[in-house]
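Taken together, the values in this text are just the output of simple stated rules run on the coordinates, not laboratory data. Everything numeric in this text was worked out from a predicted model, so none of it was measured. Note that we place each Cβ from the backbone using ideal geometry, even for glycine, and neighbour counts take in every protein chain shown.
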Amino acid sequence: MKYIDEFRDGELAKTISTNIAMEVCADKNYNLMEFCGGHTHAISRYGLTDLLPAQITLIHGPGCPVCVLPIGRVDHAIKLALEQDVILCTYGDCLRVPASNGLSLLKAKARGADVRMVYSTTDALKLAQQHPEKQVVFFAIGFETTTPPTAVIIKQAQALALKNFSVICNHVLTPAAMHAILANEGGAKLHGFVGPAHVSTVIGSRPYEVFAYDYKKPVVIAGFEPLDVMQAILMLVRQVNDGRAEVENEFTRAVTREGNLKAQALVDEVFELRDEFEWRGLGTISNSALKLRSAFAEFDAERRFGLQYQSVPDYKACECGAILRGEKRPQQCKIFGTVCTPENPVGSCMVSSEGACAAHYTYGRFKDVAVMAA
Amino acid sequence: MGEIKASYVRPLDIKHGRVDMSHGSGGRAMAQLIEELFTSALGNEYLGQGDDGAVLPQVRGRLVMATDSHVVSPLFFPGGDIGCLSVHGTINDVAVMGATPLYLAASFILEEGFPLADLKRIVESMALAAHTAGVPVVTGDTKVVEQGKGDGVFITTTGIGVMRDNLALSGNLAQAGDKILLSGTLGDHGMAILSQREGLKFDAPIVSDTAALHGLIACMLDCGASIRTLRDPTRGGLATTLNEIAKQSGVGMMLHESAIPINKPVEAACEFLGLDPLYVANEGKLIAICTAEDAERLLAVMRAHVQGQQATIIGEVLADTHNFVQMTTKMGGRRIVDWLTGEQLPRIC
Ligand code: SF4
């Protein structure tokens with residue numbers, strides 16, 4: 001409990017904020033991307049941009065699992081749930097991601113599909129054990145943090161010789177997405193990254209070294225607490241000022257250079273790289289996602305049900321792609337806050353509380369209009 | 001609630017017995033259940049009459065009526081159970097209108113198979129709550145549904161109270177410049193329930209704040225401060241209640257996070273589950289909106305009452321056609337405290 005207070009101390013925040021203000025160069029721009037949705041959420045929830053000088057612009061990155069899920073992948077899940085009489089289970093936020101034909105998993109559920117929300121992968125496995133008469137499919141999403149738990153249940157399913165359990169694997173890789181952003185036009189304008197918190201506990205800090213050395217972009221790995229983010233921004237400002245590009249670790253209480261080797265080995269045992277995977281916004285990226293190894297083929301829902309991937313374009317007016325690439329801000333989308341709201345999301349960025357549009361709508365939209373004081 | 005027998009009838013086996021369909025059939029079994037379990041615990045002159053309704057004495061003044069259905073799982077939680085909760089909830093709904101609560105009606109939907117011992121505990125807790133509050137349950141009803149069609153026990157309570165003269169409290173009366181007061185810590189009830197459900201263990205368990213607030217409210221109204229709105233922030237928490245008031249009154253609000261009291265274990269549990277305490281339910285707290293001149297005086301009155309010891313001024317009302325509820329965070333930034341979208345969901349990442 002002490003833990004929380006320690007990282008939410010308003011006085012300390014003010015001190016860091018003053019330091020940042022004193023250290024930024026008046027004539028420089030600092031465009032910093034926070035890769036993770038967890039950071040986006042913390043920044044919006046604590047109103048951290050109010051504590052930063054005008055020279056610093058925070059750009060939301062693509063590190064929000066449901067945001068980068070393309071329509072075609074959600075369509076797979078919906079099709080299975082509606083046509084194959086399976087129990088489809090997934091994490092809560094996935095249920096509302098808009099897909100083709102105005103459907104989402106939640107709407108498919110209202111049409112009679114058996115769609116269940118689970119809190120953990122073990123809940124998914126339990127469902128399969130409780131319903132031996134039905135096929136249970138787990139729609140797995142997420143970056144490196146959520147991959148090891150998926151690997152665990154696949155191994156358990158194999159040990160239990162379950163015949164009615166399989167996984168649609170949508171697990172994606174953080175470094176691949178960072179490469180894609182830097183290869184893109186938005187990348188040129190970036191001066192540094194606030195690096196992932198939980199993801200880095202698994203993969204370690206080493207995979208980011210290429211961004212510092214080859215692309216000359218500073219990376220500071222930060223925890224998800226507001227003070228972590230403030231401290232990381234200060235460290236990035238210092239790197240930019242000094243002309244350094246290094247991987248620094250603000251989150252030493254949880255992240256090492258090598259990461260969690262046991263988790264990495266587990267993931268490696270169950271999964272292998274996909275040749276290519278379509279991301280919402282970032283397009284098709286080679287070697288950017290995982291699939292089940294052939295030793296676990298019987299638990300691969302794509303093989304079991306013969307799912308063929310089909311790319312589906314985003315809704316015309318939706319700017320999720322540009323937002324995920326860091327090229328646009330939520331308020332620049334024409335339908336932000338009017339047609340597209342958290343109650344009725346049109347794009348994926350409006351769904352999860354970590355999505356850039358949802359975070360801005362929920363916590364920050366007062367900044368778009370003048371509000372009179374009392 | 002008819003008369004039974006003159007001869008001997010075997011009493012209910014409260015220790016091992018369970019609710020069965022005959023307890024809702026209107027026959028002798030039902031009469032026995034009502035008499036031995038309900039009337040004996042809740043006993044008062046009106047209920048004791050045993051008629052289909054209660055004839056109550058004349059009252060002078062405008063009447064306020066409120067009703068609330070209670071479905072909670074688990075039925076028993078640290079700090080209370082569905083029984084006392086159903087009494088407190090409805091008393092509070094009547095009291096925040098500015099009325100003195102007088103009588104309650106209670107309607108039970110029991111699931112077949114429910115242990116009579118648990119039912120007895122619930123009814124006794126209800127009786128104690130009603131007795132302590134001085135608001136008797138004067139009429140009631142029970143129905144039994146088949147196993148699987150209920151969640152143990154559902155209780156609906158309805159309350160009647162009498163308004164104070166010349167008093168008008170409403171969610172549409174807040175004006176720019178008014179102060180917003182909160183009577184104590186947030187999120188205790190919701191997190192007491194959730195931490196039980198999720199099996200979270202803390203050194204000191206989180207205890208529900210379920211309580212009847214009409215005593216505190218009476219002191220607040222007696223002091224003569226010009227109060228515009230009273231509300232109890234139950235389902236949806238403080239955030240939802242303030243958004244409702246802002247919309248009804250056509251105003252905005254600015255809250256100060258550092259002024260909002262939250263118990264440490266509640267904060268830790270919320271953090272663990274990825275929830276925001278501003279959206280978590282309370283069952284024994286109230287929000288008051290009051291003119292700026294009278295705010296300090298009202299605060300002193302609240303703090304003098306046991307239920308308001310931790311009361312604070314948490315913010316003020318602004319002129320804002322967008323009706324935003326904003327907050328300055330502990331970090332010194334600003335954010336919106338928005339309406340809830342769907343259910344609060346734990347984060348994945
Ligand atoms: S506002 Fe909606 S449609 Fe526009 S970019 Fe954001 S999520 Fe997409």
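Quick notes on this structure:
- As a length-normalised measure over Cα pairs under 8 Å and 6 or more apart, the relative contact order of chain B settles at 20 percent.
- Qualifying GluC sites (Glu not before Pro) for segment B:124-210 [loop in DSSP, other Cβ within 10 Å: at most 16]: B:146, B:198
- GluC sites (Glu not before Pro) restricted to DSSP loop in segment A:218-306 with at most 16 other C-beta within 10 Å: A:246, A:258
- Label separation (residue A:85 vs residue A:331): 5.3 nm, computed from points 7 Å beyond Cα along the C-beta direction.
- In chain A, the DSSP-assigned H stretches of four residues or longer account for a calculated mean residue ellipticity at 222 nm of -10000 deg cm²/dmol, using -39500 (n - 2.57) per stretch and the full residue count as denominator.
- Loop-located chymotrypsin sites (Phe, Trp or Tyr not before Pro) in segment B:1-105 (DSSP state other than H, G, I, E, B) with a sparse environment of at most 10 neighbouring Cβ atoms within 10 Å: B:8.
- Net charge of neighbours whose Cβ lies under 13 Å from the Cβ of residue B:183, counting Lys and Arg as +1 and Asp and Glu as -1: -1
- Selected from B:262, A:38, B:284, residue furthest toward positive end of dipole (the protein assembly as shown; charges at beta carbon): A:38
- 222 nm mean residue ellipticity, helices alone, for chain B (DSSP H n ≥ 4; -39,500 (n - 2.57); rounded to 500): -8500 deg cm²/dmol
- Within chain B, helices built from complete DSSP H runs that reach 15 Å or longer along their own axis (Cα positions) and carry a mean Kyte-Doolittle hydropathy of -0.5 or higher are B:82-95, B:116-133, B:237-249, B:292-304.
- Net length available on complete extension from residue A:133 to residue A:14 is 37.0 nm, with 0.36 nm assigned per residue and the Cα-Cα distance removed.
- For chain A, the membrane-span-like helix rule (DSSP H, alpha carbon extent of at least 27 Å along the helix axis, mean Kyte-Doolittle at least -1.0) picks out no helix; this says nothing about an actual membrane.
- Counting only DSSP beta bridges with both residues in chain A, the antiparallel share comes to about 20 percent.
- For B:339, A:279, order by how many other beta-carbon atoms lie within 10 Å, fewest first: B:339, A:279
- Over 29 Å between alpha carbons, listed pairs A:126/B:149; A:216/A:328; A:134/B:201; A:79/A:316; A:79/A:334; A:189/A:262: A:134/B:201; A:79/A:334; A:189/A:262
- Quotient of C-alpha Rg and 2.2 N^0.38 Å, computed over chain A: 1.00
- Residue with peak Gaussian network fluctuation, chain A [Cα springs, cutoff 10 Å], from A:90, A:121, A:57: A:57
- For segment A:1-93: rounded, prolate or oblate by the Cα gyration tensor [a/c cutoff 1.5]: oblate
- Gyration tensor (alpha-carbon) shape descriptor, segment A:2-155, a/c threshold 1.5: prolate
- Each Lys or Arg adds one and each Asp or Glu takes one away; over the other residues whose Cβ falls under 11 Å from the Cβ of residue B:251, this sums to -1.
- Net charge of the neighbourhood of residue B:292, taken over other residues with C-beta under 13 Å away and scored Lys/Arg +1, Asp/Glu -1, is -2.
- Whether segment A:320-368 is rounded, prolate or oblate, judged on the alpha carbon gyration tensor where a/c under 1.5 counts as rounded: rounded
- Lys, Arg +1 and Asp, Glu -1 on Cβ, resulting dipole of segment A:320-368 about Cα centre, debye, nearest 20: 180 debye
- Normalised by residue count, chain B yields a Cα convex hull volume of 150 Å³ per residue.
- Scattering profile of segment B:179-336 at q = 0.11, 0.14, 0.15, 0.19 Å⁻¹ [log10 I(q)/I(0), Debye over alpha-carbon scatterers]: -0.42, -0.68, -0.78, -1.20
- Antiparallel DSSP beta bridges within the protein assembly as shown, percent to nearest 5: 55 percent
- Kirkwood Rh, Cα atoms: Rg over Rh of the protein assembly as shown: 1.02
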